[in-house]
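Everything below concerns the one structure shown next.
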4 protein chains.
Amino acid sequence: MSFNSFGHLLRVTTWGESHGPAIGAVVDGCPPGLALSETDIQPWLDKRRPGTSRFTTQRREADQVRILSGTFEGRTTGTPISLMIENEDQRSKDYSEVASAYRPGHADFTYDAKYGIRDWRGGGRSSARETAARVAAAAIARLIIPEVSIRAYLVELGGDAIDRSAFDADQIGANPFHCPDAAAAARWEQAVDEARKAGSSLGAVVECVADGVPAGWGAPVYAKLDGDLAAAMMSINAAKGVEIGDGFDAARLGGEENADAMRAGPKFLSNHAGGILGGISSGQPVVARVAFKPTSSILTPVPTIDRDGNETEIVTKGRHDPCVGIRAVPVVEAMMALVLADQKLLHRAQCG
Amino acid sequence: MSFNSFGHLLRVTTWGESHGPAIGAVVDGCPPGLALSETDIQPWLDKRRPGTSRFTTQRREADQVRILSGTFEGRTTGTPISLMIENEDQRSKDYSEVASAYRPGHADFTYDAKYGIRDWRGGGRSSARETAARVAAAAIARLIIPEVSIRAYLVELGGDAIDRSAFDADQIGANPFHCPDAAAAARWEQAVDEARKAGSSLGAVVECVADGVPAGWGAPVYAKLDGDLAAAMMSINAAKGVEIGDGFDAARLGGEENADAMRAGPKFLSNHAGGILGGISSGQPVVARVAFKPTSSILTPVPTIDRDGNETEIVTKGRHDPCVGIRAVPVVEAMMALVLADQKLLHRAQCG
Amino acid sequence: MSFNSFGHLLRVTTWGESHGPAIGAVVDGCPPGLALSETDIQPWLDKRRPGTSRFTTQRREADQVRILSGTFEGRTTGTPISLMIENEDQRSKDYSEVASAYRPGHADFTYDAKYGIRDWRGGGRSSARETAARVAAAAIARLIIPEVSIRAYLVELGGDAIDRSAFDADQIGANPFHCPDAAAAARWEQAVDEARKAGSSLGAVVECVADGVPAGWGAPVYAKLDGDLAAAMMSINAAKGVEIGDGFDAARLGGEENADAMRAGPKFLSNHAGGILGGISSGQPVVARVAFKPTSSILTPVPTIDRDGNETEIVTKGRHDPCVGIRAVPVVEAMMALVLADQKLLHRAQCG
Amino acid sequence: MSFNSFGHLLRVTTWGESHGPAIGAVVDGCPPGLALSETDIQPWLDKRRPGTSRFTTQRREADQVRILSGTFEGRTTGTPISLMIENEDQRSKDYSEVASAYRPGHADFTYDAKYGIRDWRGGGRSSARETAARVAAAAIARLIIPEVSIRAYLVELGGDAIDRSAFDADQIGANPFHCPDAAAAARWEQAVDEARKAGSSLGAVVECVADGVPAGWGAPVYAKLDGDLAAAMMSINAAKGVEIGDGFDAARLGGEENADAMRAGPKFLSNHAGGILGGISSGQPVVARVAFKPTSSILTPVPTIDRDGNETEIVTKGRHDPCVGIRAVPVVEAMMALVLADQKLLHRAQCG
């Protein structure tokens, strides 16, 4: 219900601004007795952390997470788990000109329009830095669903899609783009370099697959698994589209092509549905896809206005990701984990 | 929070099955003093009602709505508004074979997997008939946002898209497809006829534009306007994808192409963002697009299993829409209205 | 979150006004597979129904409940259960003078102050008639907690308390006051008769005991079992106080008197705590007590004002309960059942 | 909905254990533009802080609050405000024997029964230390309702009530008991000293009055102002009873005595209702009363069992308040402020 909380039963509340003293999350509703320490969370944050390749922002953050509550002797107690990550590399001066003029594509104008006040340092609350708190929270969610394995990767960058026939899961961790197609990764390297040199940026599409989800998670009508995933994914910074299974391509199939026939098992002969029927998981892999717009912070001057309504131009200096979609990969995984863990608990509540 | 309720402050709870005695909605949180009678709701239901052209199911439902509470002397009182629509044309016999075998693409299998019991008559709760309750509720939501006008239409059917340069708003009401391009409508007529004759079905893409939304509606991080819209749209039966603004196409643009430059006014020189930045409305038209899969009920036999796990085939007789996307148009509008009215109240709560 | 919904997971939304066409409840989140028909609900409504003795209002309502959704072949399906009770004996004319003047002790003034509009017929939404919907919903809640037995009764009427040493559970159903002390019931009969003849009214205290609640239901900090019970009970019309266990008397005990010592079993040597420690059930009987003010509708003229602010006097004619506490007994039981069933599901969600 | 969050729109999530590294609160939904710094919060924490007189626990905590997010240049931004208070004086060794045996009256047994694991250091999450987070959060709530002034005080201690005719508001801050009756304060001093020396403890009743609440806050049926207050107050550690207005005494009045007659203004000639009618504020002072049981930690040995079910005795050494009711005063005020601020926003949302 509240603005910064997510989930029905596994409730995650995130807080913090890009250039405040810290960011964090409170994870409420976690089952008791799960082994949990900072070392269960840190690797996921490290995966998301900026500055790990030349294709991401050079902001340096250790992103060290601390657990401030909710565990005892290395196990969750069932009480809220407070996670905190201190902000370290806050070069607020880089953002000084953002204070007065609105960066097109950013939330600068809309935050001002809504609140009449805006923490302009690094985008404040609208910064993608907030997603570190989600990644930390999702590390806990993963402990709740050990039966599920989640894997996200880029399937398209700057309009250049992977070759599905060349899909190699082992490649995902072998290149800075989380790309399962080695040839595509090579092309993308060049594309991102060019975009950065040109002061431009690129969009991307992230795909996420959750294996091991049993049939029965999700609920009608407004707690559908796909509805929750759509909200979760669209809440990620720069997301502009969400698909489940074949998504928009399903709208181009005939009824008999799209039907996932069943055989004894039960098993399905295809998975156009992306593992969800009527808002409830079918036992097949859950598949979601998320479109990310190109980074709005670019070096090309863009016409804009200042707070007083005067026309001006803006160049967003600072340090930025030329393609935010790359760093969105662990965030998409995080949101998948949060939704699934929450729905598991919800299912258990109603159906035992 | 609950499974069948929607909205933060304007809370809509829908109930009812396809072949039960009635369906309905309880609308809670509506501002007092709004003029409301059945005649404000009925036209929207009539627009959604089946059997109005040969391109939709021939099920006949008067879909007469009754207001059972929440109004006094023709005005809303601020107390919950209970809406009921009685089911009339319930030919449960048509569905008898659905009782034992699972229709691929439907929720038959997943409901059984989740609940261990399933009202198989017409899909029960998973039937698109439930959307009538949403359309009725949204008629009330519209009263809360008189400053906003909402218009949805089909932009693609069976993979055949409209010609944007031929967009004519007046055409939308002039053909049974809610199609703004007369030439496309003519082609679609043929396509749907062919699909129906072949016992097949087609998918579609619905676009929805809300004009008049002021800047400032929506909230970080999990009550973003686009996050709420994504959940709302994905909760519609047969929806498989949601886009805001340029959506997946935004992922194919360069940063400078995608940036919506601003000039004094404030005004924007383009609307790639679909009227939402950082989860908050920008004052531009809010644009969403929803992909609907082809109707899963087809006359072509599809391999499936029965409740005991035995392999069989199924043909879904009954009366069905050859393209559910057509009848989804008023439902997409309804979800847009519900989200916007809710966010208007939420904004007023926090920002006065 | 919403105004007219109750419960975390077992969500009950009630609707309806005293003199509208009907009242009802939507019960969402009910586990599937429970045997349920109208005959499971009707007896509880009959117990609450007015006009069963000369000590309650003579309004005649059959209070026939209909199940409109959520069951199939006599079992719950896990989808929302819609319950409707049509209003029959609506003598709106009795309330005509209430239309202009505010009845002291009633919600007339505050509804007008809040909403600027008010359904004055029989109190509209603020009428205790709404509690019939709760009683109906609670009949379903009881099916979720077969291990629990709930019993409420009056322990005080008009300031005259029962003799605890004369407590006889069998007496509760043997007199019109749900009084476990036969001697007190006899005194109360006289007291209520006198009050009615004098055009006055009396208050009462209802005690409710739930046996069979296992240890472990409830949760810190804001979903405490006692916190939920307090909200539930205080939401009943005319309730002005809620106690758990010894309640206010606990504030008068020394620490060693109040401590419920434990012995192997585990068992407790006393139950000052009323079965709840730290917001979580202890396995002892859960005990709550609710104070009801005297009926505000009295025949004695009371100074008041009309809608225009002019001073006047009002006599509330209509048909009224001389002691609303009597008819509150099944409502208190209902709220206990709703809270416990909800907390059972909540506990199962988090702790398996 | 979640276990550790409170409020409809002004959502407060608290976290932290008595002897963990810190405790805190996240306040979401706060209106933007309010002047806020740590100095607005600290005085309220200082008022609640232990060790300020010999009548409260000698645990020493600076209780320094830090604002980690949600403000910019000294004003709230509308984003979540994260508050943190580090724990300093954590003598966990004092609690070592609590690790194995259950302290009667405490949540030790019930937490173990629920979660199967328990942070036994100082009561963990069930410690009254959690209320510091509420007091901090409520300091923000107070900024939202500048029109309201809230004042709580003890009206009874160890069964010894104040003399209402001797009520002197100036006395409240003049003695360590927040007692408005100087003579009673003198008696209580002796009583508490005796109880402490005897290794015993005492209960108390706190009264809280909110002046300046306009008519119209609160909502039917489950968001009633008194229902929210009941939940809020009962959620405080050691609370066992809640009354609104005359509370249980109202049950002993006749209908004409209890009716608060109205005169032009509007004004009321009395306030038996405690400022709430039908769950909505009437414009009169809102009055609540909360009963606190005697501190469960006492030096007198009490029979109990250990985790293995063996019978034993326990003496709770540590440092404890001989009467928790004394330190509950600022917490009661805090909960009043949180409820009222939340309901103000809720009212604004629906009624503009």
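The values are calculated or read from the model by the stated rules, or taken from the named source; none is laboratory data. Everything quoted here is computed from the prediction, not taken from an experiment. Reconstructed Cβ throughout: ideal geometry from the backbone, glycine too, with neighbour counts over all protein chains shown.
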### Message
Based on this model, can you work out whether B:ARG134 counts as in a helix (DSSP H, G or I) and either over 30 Å from A:TYR222 (Cα atoms) or free of Cβ contacts under 8 Å to residues at least 24 places away in the same chain (or both)?
### Response
no
### Message
Looking at the structure I just gave you, is D:GLN90 within 14 Å of chain A (Cβ to nearest Cβ), modelled with pLDDT under 85 and in a loop (DSSP other than H, G, I, E, B)?
### Response
yes
### Message
I'd like the full set of residues that are surrounded by fewer than 24 Cβ atoms within 10 Å (Cβ to Cβ) and more than 7 Å from chain C (Cβ to nearest Cβ), limited to the range D:213-236.
### Response
D:PRO214
### Query
Do we find that B:ILE305 is closer than 22 Å to A:LEU269 by Cβ, in contact (Cβ under 8 Å) with a residue 12 or more places away in the chain and surrounded by fewer than 24 Cβ atoms within 10 Å (Cβ to Cβ) in this structure?
yes
### Message
Every residue in the range C:9-23 that is facing chain B (nearest Cβ under 7 Å) and either on the phi > 0 side of the Ramachandran plot or surrounded by fewer than 24 Cβ atoms within 10 Å (Cβ to Cβ) (or both), please.
### Response
C:GLY16, C:PRO21, C:ALA22
### Query
Looking at the range C:313-322, is at least one residue within 9 Å of the chain's Cα centre (by Cα) and buried (at least 21 other Cβ atoms within 10 Å of the Cβ)?
no
### Message
Every residue in the range C:286-303 that is aliphatic (A, V, I, L, M) and either more than 8 Å from chain D (Cβ to nearest Cβ) or closer than 30 Å to C:GLY245 by Cβ (or both), please.
### Response
C:VAL286, C:VAL287, C:ALA288, C:VAL290, C:ALA291, C:LEU299
### Query
Out of the range D:19-61, which residues are closer than 13 Å to D:ILE144 by Cα and of a type in the set (A, V, I, L, M, F, W, C)?
D:VAL27, D:CYS30, D:LEU34, D:ALA35, D:LEU36
### Task
Answer with yes or no whether D:ALA174 is buried (at least 24 other Cβ atoms within 10 Å of the Cβ) and either within 18 Å of the chain's Cα centre (by Cα) or not aromatic (Phe, Trp, Tyr) (or both).
no
### Summary
The residue that is surrounded by the most Cβ atoms within 10 Å (Cβ to Cβ), considering only those in the range B:24-72 that are in contact (Cβ under 8 Å) with a residue 60 or more places away in the chain and over 21 Å from the mean Cα position of the chain (by Cα), is B:GLY29
### Query
With D:GLY255, D:GLY278, D:GLY241, D:GLY203 as the choices, which residue is facing another protein chain (nearest Cβ under 8 Å), buried (at least 24 other Cβ atoms within 10 Å of the Cβ) and either within 24 Å of D:LEU9 (Cβ to Cβ) or out of contact with any strand residue (DSSP E or B) (no Cβ under 8 Å at 6 or more places or on another chain) (or both)?
D:GLY278
### Message
From the list A:GLY51, A:GLY78, A:GLY123, exactly one residue is assigned to a loop (DSSP other than H, G, I, E, B) and modelled with pLDDT of 90 or more. Which is it?
### Response
A:GLY78
### Task
Can you give me the number of residues within the range B:326-352 that are polar (S, T, N, Q) and within 22 Å of D:ILE145 (Cα to Cα)?
1
### Query
Could you list, in sequence order, the residues of the range C:138-150 that are touching a strand residue (DSSP E or B) at 6+ places or on another chain (Cβ under 9 Å) and assigned to a helix (DSSP H, G or I)?
C:ALA138, C:ALA139, C:ILE140, C:ALA141, C:ARG142, C:LEU143
### Task
Using the structure shown, decide if D:LEU345 is within 14 Å of chain B (Cβ to nearest Cβ) and in contact (Cβ under 8 Å) with a residue 40 or more places away in the chain.
yes
### Message
Filter the range B:1-59 down to the residues that are out of contact with any helix residue (DSSP H, G or I) (no Cβ under 6 Å at 6 or more places or on another chain), among the charged types (D, E, K, R) and under 19 Å from C:THR13 (Cα atoms) and list them by number.
### Response
B:ARG11, B:ASP28
### Message
On the basis of being closer than 30 Å to D:ALA198 by Cα, touching a residue at least 40 places away in the same chain (Cβ under 8 Å) and of a type outside the set (Phe, Trp, Tyr), does C:GLY254 make the cut?
### Response
no
### Query
Looking at this structure, is A:SER2 facing another protein chain (nearest Cβ under 8 Å), at pLDDT below 95 and part of a loop (DSSP other than H, G, I, E, B)?
yes
### Query
Which condition does B:ILE162 not pass, out of (1) within 14 Å of chain A (Cβ to nearest Cβ); (2) touching a helix residue (DSSP H, G or I) at 6+ places or on another chain (Cβ under 6 Å); (3) under 30 Å from B:GLY279 (Cα atoms); (4) touching a residue at least 60 places away in the same chain (Cβ under 8 Å), if it passes all the others?
(4)
## Note on the structure
Cβ pairs under 6 Å, 6+ apart or interchain, first in the range A:4-16 and free of Cβ contacts under 8 Å to residues at least 12 places away in the same chain, second in a loop (DSSP other than H, G, I, E, B) and of a type in the set (A, V, I, L, M, F, W, C), ordered by first then second residue, are A:ASN4/B:VAL221
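Residue by residue, here is whether (1) more than 24 Å from D:SER127 (Cβ to Cβ); (2) in contact with a helix residue (DSSP H, G or I) (Cβ under 8 Å, 6 or more places away or on another chain); (3) polar (S, T, N, Q) holds:
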{"site": "D:PRO285", "(1), (2), (3)": "yes, no, no"}
{"site": "D:ALA288", "(1), (2), (3)": "no, yes, no"}
{"site": "D:PHE292", "(1), (2), (3)": "no, yes, no"}
{"site": "D:PRO303", "(1), (2), (3)": "no, no, no"}
{"site": "D:GLY309", "(1), (2), (3)": "yes, no, no"}
{"site": "D:ALA334", "(1), (2), (3)": "no, yes, no"}
{"site": "D:ALA341", "(1), (2), (3)": "yes, yes, no"}
### Task
Check A:ARG103, A:ARG118, A:ARG59 and return the single one that is part of a loop (DSSP other than H, G, I, E, B) and at pLDDT below 90.
A:ARG59
### Query
If you take the residues in the range C:32-43 that are in a loop (DSSP other than H, G, I, E, B) and more than 9 Å from chain B (Cβ to nearest Cβ), which one is farthest from B:ILE67 (Cα to Cα)?
C:LEU34
### Query
Within the group B:ASP246, B:ASP306, which residue is within 30 Å of A:GLY325 (Cβ to Cβ) and either within 9 Å of chain A (Cβ to nearest Cβ) or in contact with a Ser or Thr (Cβ under 7 Å, 6 or more places away or on another chain) (or both)?
B:ASP246
### Query
Looking at the range B:73-90, is at least one residue farther than 26 Å from B:HIS178 by Cα, free of Cβ contacts under 8 Å to residues at least 24 places away in the same chain and surrounded by fewer than 21 Cβ atoms within 10 Å (Cβ to Cβ)?
yes
